[in-house]
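Reading through the structure tokens given below for one structure.
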């Protein structure tokens with residue numbers, strides 16, 4: 001397994017978009033490729049690859065200030081879920097952000113992913129809300 005930062009526009013970025021679309025968008029009737037993804041050139045992308053160069057987990061970080069970032073679009077391939085791969089890519093991203101001086105991370109978690117984020121040290125903030133047509137909750141974590 002290899003954890004890397006994915007360069008926007010690269011072949012690995014294309015793999016990342018395909019995974020995010022398959023796991024996060026298609027199941028709720030949306031298509032990531034219908035969206036303008038150009039803003040993602042300003043975001044940080046992280047992925048967990050097999051030796052065969054297959055991507056099976058990814059996450060995106062948006063730096064909001066010198067000390068704060070937002071996590072978005074966390075995806076793990078269906079056949080690799082519940083095996084700790086999501087936690088590996090999340091921990092890798094958090095480590096990279098901490099090296100940049102980020103101390104506070106927040107995200108909008110799908111309610112179906114709530115336990116995953118709680119086990120990773122994130123806490124709920126506020127009330128449940130609907131985003132992209134499904135229930136979410138804001139969560140945050142202070143990095144050490």
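Does residue 93 qualify as being in contact (Cβ under 8 Å) with a residue 40 or more places away in the chain and surrounded by fewer than 16 Cβ atoms within 10 Å (Cβ to Cβ)? No, not satisfied.
Listed here are the residues, each with its yes/no results for (1) under 17 Å from residue 18 (Cβ atoms); (2) out of contact with any strand residue (DSSP E or B) (no Cβ under 9 Å at 6 or more places or on another chain); (3) surrounded by fewer than 19 Cβ atoms within 10 Å (Cβ to Cβ); (4) without any contact (Cβ under 8 Å) to a residue 40 or more places away in the chain.
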residue	(1), (2), (3), (4)
47	yes, no, no, no
75	yes, no, no, no
84	no, yes, yes, yes
109	no, no, no, yes
115	no, yes, yes, yes
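Of all the residues in region 4-17, those that are surrounded by 11 or more Cβ atoms within 10 Å (Cβ to Cβ) and without any contact (Cβ under 8 Å) to a residue 24 or more places away in the chain number 3.
Among the listed residues 14, 52, which satisfies the condition of being out of contact with any strand residue (DSSP E or B) (no Cβ under 8 Å at 6 or more places or on another chain) and either within 27 Å of residue 133 (Cα to Cα) or not in a loop (DSSP other than H, G, I, E, B) (or both)? Show your work before the answer.
Values: 52 fails: either within 27 Å of residue 133 (Cα to Cα) or not in a loop (DSSP other than H, G, I, E, B) (or both).
Residue meeting the stated conditions: 14.
Of the strands (runs of 3 or more DSSP E) lying entirely inside region 56-144, those carrying at least 2 residues that are at pLDDT 95 or above, within 22 Å of residue 5 (Cβ to Cβ) and in contact with a helix residue (DSSP H, G or I) (Cβ under 9 Å, 6 or more places away or on another chain) are 68-76, 104-110. Scan region 18-45 for residues that are touching a residue at least 40 places away in the same chain (Cβ under 8 Å), touching a strand residue (DSSP E or B) at 6+ places or on another chain (Cβ under 6 Å) and assigned to a loop (DSSP other than H, G, I, E, B) and the total you get is 0.
The values are calculated or read from the model by the stated rules, or taken from the named source; none is laboratory data. This one's a predicted model, so the numbers in the text were calculated from it and none came from an experiment. In this analysis, Cβ positions are derived from the backbone assuming ideal geometry, glycine residues included, and neighbour counts consider all displayed protein chains.
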